[in-house]
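This report refers to the structure that appears directly beneath it.
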Amino acid sequence: MAHPPTTSAEAPAPVQTSAPAPAPVLAPAPARRSAWSEGTDRLRAAATTEPGRLRIIGAVIAVLVVAFGAVAAFEISDRSAAADDVVSRSQPLSADAANIYRSLADADTAAASGFLAGAIEPADVQARYDKDIATASRLLVKAAANTDSSSDSGQQIAQLNEWLPRYTGLIERARANNRQGLPLGGAYLRYANQQMTTQLLPAAEKLYDAETGRLYEDYDSAEIWPYFGIAVGVIALGGLFYAQRRSYLRTNRVFNHGLVAATVASAVVLLWLGVGHAVARSDLATSRTHGQESLKVLNDARINSLKARANENLTLVARGAVLTKDGTQDQYEADYGGEMKSLLAGLTQAKGLAKGDKAGLDPVNLAATSADIWQGRHTKARRTDDNGDYDGALTAVIGAKNSTGECFDQVDAAIQKAIDHEQKQFTTAAQDGRDALTGLPIGAAVLAVLGAAGAAVGISRRLSEYR
Amino acid sequence: MAKKPRLRGWGGVTGMAAACVLTAAVTLGPIAYSSGGEDGDGARIGGQGVGQGVTVQAADCTDPEASLTPSSGDGPTIDKIKQAGKLVVGVDQNSYRWGYRNPATRSLEGFDIDLVRAIAQNILGDPDAVIYRAIPTNQRIEAIQKDKVDIVVRTMTINCARIKQVAFSTAYFQAGQQVLAPKGSPITGYNDTLKGKKVCTATGSTAYDALKQKSFGAVFEDTASAKRTVPNQLDCLVRLQIGEVDAVVTDNALAAGQAAQDPAVELKGDPFTTEYYGVATKIGKDDLVRRINQVLVDYRADGKKSKWMQAYRTWLASDLKGISGPPVPKYR
C-alpha cells in the first residue's frame, strides 16, 4: 500500500531529464522561478509519459472524491445545524415570544374582567392574572439570556422589562381605588390598558415577529440545496467515468476494481446527499406550512380574541367615558369590533391552513362557531346596556352562563387546543427533517476517504504494470 | 376641531353687530356660549349641525337658561308617565358625587340622582319609581329625541346650541371652569402661578379652549413624548397622581368629584366661567318641563334647610366649598 506514493516520488526523476527543454524558454523573464511555475513545468513534463499521466489522473480523482466528501459533509453539517436550530432553538424561542405576547394580552383581559366583577375580584381571575404576569416575567428572562442585548429583540426585551412593572403598578392602583368604590379605579384601569395596548403589546409583537423571523432564517438556511456538494460530486463521478473509460480503451479491461469502488462510494454519497436533503427539506417544509405558519395565524387570532375581550370589558368599565375621535362611537366598542373582525379573518385563514387535517381543523371550527355566538351575545349585551340596564349588560358579559365571557373562554380554549395540535405537528415534522440528515456528514466523509483510497489503489495497479 | 376657530370668528362678527346686547357673549363667547358641544364631563357631543346652530343662535340667544314658568298641573306627557308607573331617566354612572354607581351597593347615587328621586316623588309619589338608563355623553340628545328616556339629569349644560335640540328646565346648578391641584402646590388658581406648569385637560373641552385663549404660560398641549389632553376629565386625576402633570383644569362640579377621590388635591382659586346645568326633556313636552320647574321651586325652597342644600351638603360641600344656595331660576 505504501508503494505507490514512494514510486510516484521517485518516478518523476527520469522524466525530469527531458524537461529542461522548455525551462530555458521561461528562464529569461524571471530571474527567480516560482514554485508554481516549477510545478507546472514538472506537470507538463509528467504529462508526456503514460505513467505520469496516470499519476496525474489518479491524484486529480482522489482529490475530487475527497473534496466531494468534504464539501458534502460540510454542507450537510451546516444544513443539519440549521435544522437543529429550527427544532431546538429558534422555534422554542418563537413559541416563548408568542407566549410572552399572549400572557401580556391575557393579563390585561383578566385585569379588566376581575375589575368588572366588583370590589372583590374572583379568585380564579386574580390567579389567572398573577400567572400571566409570572409567565411573562419568567419568559422575558429566558428570552434575554438567548438574545444579544444590542439586537432588535434585545431592545424589545429591555423595553418590556421596563414597562411591565409600571403596568402592574397601575393595575394595583386601579384595584386599590376600585376596592374603595372610587371611579378613579376605572380611570387607572383604562390607563393601564392604554399602556398595554400602545407600549407593551407592540413591543411583544415585535419580539415575536423578530423571533419568528429568526426561525424562518434558520428554515431557509436548512433548506438551501447542497449545490456545491452535488456539483463536486457530479464532477468527481465524471472524472471516475473518464478514467475508467480511458483505462478500458487502452487496456481493454472492463473493470478496474479500485475505480469501481471509488465510483460506487461517490455515487452512494451523491445519492444520499440528494435524497437525504430532499427528505429533510420536505419534512421541514411540512413543519413550516402545517406547523409554524398555522401557529403564527393561530397566535395572532388568539391575541385578537384577547384584545377584543379586554375591550368588551372596558366598554362596561368606561361606561361611555371615552369616545372615538369623531365622537359618534364608544372607543372600546369600536376597538372590540375591529379586533373581532381580525379574529374571524384569522380563524378563516387557520381553517384554510388546517385543511385535510381533521384534528387541526376541529378546534378551529369550534373557535369560529363560538366567536359567532360571542358576537351575537355581544350585540344583545350592548343593546341591554344602551337601554340603561347596566346590571343586565354586566351579567350578559361576565356572568357564568350564556354570557359573552363563556364564548370567549370557549374560543380561547379551542385556539389553545389548535395551537397544541399544530405545535405537535411542527415538532414531529421538524424532528423528522433534522433526523433525515443524521449520519450524513460522517457517512459522506468516510465513504469519500474509502472512494479516494479505491481510486488510488486502482490507479497504482495500472502504474505497477509499467515497472 | 377645525370648525372651532371658524365659529369663534363668526361669533365675534355677529357679536359686534349686536354689541350692546351681547357684551358678555363676546367676552366670554368662546368659553361660555359658543362651546356648543361641551359638557360637564368634558366630552364633546354633537356634530357640525350643532356647531352651526351656535352661529345662527348667537344673535338671538341671550338667555338660554330662561325656561317655562312652573306649574303643578298634569298634561299629556305626565299622564303617560303616570300610566307607565315609572319615570325613565337618562343618567351618568361615572361622575362621582353626581351620578355614580356605587360598586358596594350596586346602586346609583349622587346629586343628580337625588334630584331624579325628588321628581319621581312629585310625579308618581314614589322616589324609587324610576328606570335609570345609563347613557353615554354622546347619546343624551338622541335618547331624548327618540323618546328612549323621559328626562336626562346628567350634569348637562344649558346652552344656545342645545336649546334648539332639547327643552331644559330652569338651572339647578351653577358650575364653572376651575383649577385643581395638589394641596401644597404653588398654583393658586387660573392665574400667573400656572406659568411653566404642566396642565391636563379633557380633549376638546371648554378648559382646553380657555387655556388656548389664555394659558398664563401653562404647558397644556400634547407633545410627541407627553400627552396632556385626555379622553375624560377623570383621566386627568390619574395623570396628576402619577406626576405627569401639575394641575387639572375642568368643570368645578366634576373637579369636586375628583377632589373627593383624592384628599391630597383641592380646587384652587375661583371658577373663571359660568355654566348652568338643567334637566333636559324632549322639545314640546311643556307640561313636563313646567312640572319639573315646579319640583325645582320646591327643591330650592326653605333656604339653608332646602332639599337642594341638603343634597349639596351630602355630596358636594366638602370639596366644592362656599356655595350658599342654588342659582336663581329665570323664566321666559
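The figures follow:
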read-out: Answer residue from region B:125-153, given it is polar (S, T, N, Q) and within 12 Å of chain A (Cβ to nearest Cβ) and is least open to solvent (accessible area, probe 1.4 Å) among those; value: B:T137
read-out: The one condition in (1) within 14 Å of chain B (Cβ to nearest Cβ); (2) buried (at least 20 other Cβ atoms within 10 Å of the Cβ); (3) assigned to a helix (DSSP H, G or I) that A:A95 fails to fulfil; value: (1)
read-out: Of the criteria (1) within 14 Å of chain B (Cβ to nearest Cβ); (2) open to solvent by 10 Å² or more (accessible area, probe 1.4 Å); (3) assigned to a helix (DSSP H, G or I), which one A:V264 fails; value: (1)
read-out: Any hit, region A:235-254, residues being within 26 Å of A:D96 (Cβ to Cβ), of a type in the set (G, A, S) and buried (at least 22 other Cβ atoms within 10 Å of the Cβ); value: no
read-out: All positions within region B:188-221 that are among the hydrophobic types (A, V, I, L, M, F, W, C) and closer than 19 Å to B:R239 by Cα; value: B:L194, B:V199, B:C200, B:A202, B:A207, B:L211, B:A218, B:V219, B:F220
read-out: Which numbered condition A:S342 misses (of (1) touching a strand residue (DSSP E or B) at 6+ places or on another chain (Cβ under 8 Å); (2) in a helix (DSSP H, G or I)); value: (1)
read-out: Tabulated pairs, region A:137-166, first touching a residue at least 40 places away in the same chain (Cβ under 8 Å), second outside any helix (DSSP H, G or I), C-beta under 6 angstrom, 6+ apart or interchain; value: A:S153/A:T147
read-out: Residue check for A:L104: surrounded by 23 or more Cβ atoms within 10 Å (Cβ to Cβ) and under 25 Å from A:N146 (Cβ atoms); value: yes
read-out: Residue count, region B:102-111 (criterion: at pLDDT 80 or above and facing another protein chain (nearest Cβ under 7 Å)); value: 1
read-out: Any hit, region B:269-276, residues being within 26 Å of B:Q93 (Cβ to Cβ) and buried (at least 24 other Cβ atoms within 10 Å of the Cβ); value: yes
read-out: Residue within region A:25-42 that is β-branched (V, I, T), modelled with pLDDT of 85 or more, part of a helix (DSSP H, G or I) and open to solvent by less than 50 Å² (accessible area, probe 1.4 Å) present; value: no
read-out: Selected residue (criterion: surrounded by the fewest Cβ atoms within 10 Å (Cβ to Cβ)) from residues of region A:370-389 that are in a helix (DSSP H, G or I) and within 14 Å of chain B (Cβ to nearest Cβ); value: A:R383
read-out: Top-ranked residue of region A:321-341 - restricted to ones that are more than 14 Å from chain B (Cβ to nearest Cβ) and touching a Ser or Thr at 6+ places or on another chain (Cβ under 9 Å), ranked as farthest from B:T203 (Cα to Cα); value: A:M340
read-out: Test: residue in region A:390-402 that is within 20 Å of A:N299 (Cα to Cα) and either surrounded by 15 or more Cβ atoms within 10 Å (Cβ to Cβ) or touching a residue at least 24 places away in the same chain (Cβ under 8 Å) (or both); value: no
read-out: Candidate set from region A:193-228 (those that are in a helix (DSSP H, G or I) and β-branched (V, I, T)); member that is least open to solvent (accessible area, probe 1.4 Å); value: A:T212
read-out: Sole exception among (1) open to solvent by 10 Å² or more (accessible area, probe 1.4 Å); (2) under 23 Å from B:L194 (Cβ atoms); (3) part of a loop (DSSP other than H, G, I, E, B) for B:G325, by number; value: (2)
read-out: Residues of region A:120-139 classified as in a helix (DSSP H, G or I) and either modelled with pLDDT under 95 or of a type outside the set (A, V, I, L, M, F, W, C) (or both), total; value: 12
read-out: Residues that are within 11 Å of another protein chain (Cβ to nearest Cβ) and open to solvent by 10 Å² or more (accessible area, probe 1.4 Å), drawn from region B:241-264; value: B:Q241, B:I242, B:E244, B:A260, B:Q261, B:D262
read-out: The one condition in (1) open to solvent by 10 Å² or more (accessible area, probe 1.4 Å); (2) more than 14 Å from chain B (Cβ to nearest Cβ) that A:R190 fails to fulfil; value: (2)
read-out: Filter pass, A:S137 being of a type outside the set (V, I, T) and either within 14 Å of chain B (Cβ to nearest Cβ) or surrounded by fewer than 16 Cβ atoms within 10 Å (Cβ to Cβ) (or both); value: no
read-out: Residue within region A:353-369 that is over 29 Å from the mean Cα position of the chain (by Cα), in a helix (DSSP H, G or I) and not small (G, A, S) present; value: yes
read-out: Subset tally (residues that are more than 12 Å from chain B (Cβ to nearest Cβ), farther than 14 Å from A:T109 by Cβ and buried (at least 24 other Cβ atoms within 10 Å of the Cβ)) for region A:170-187; value: 0
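The values are calculated or read from the model by the stated rules, or taken from the named source; none is laboratory data. As the structure is a prediction and not an experimental result, all values here were calculated from the model. Please note: Cβ atoms are built from the backbone with ideal geometry, for glycine as well, and neighbour counts cover all protein chains shown. The accessibility values were calculated without ligands, DNA or RNA, using every heavy atom of the protein model including side chains. Shrake-Rupley method; radii C 1.70, N 1.55, O 1.52, S 1.80 Å.
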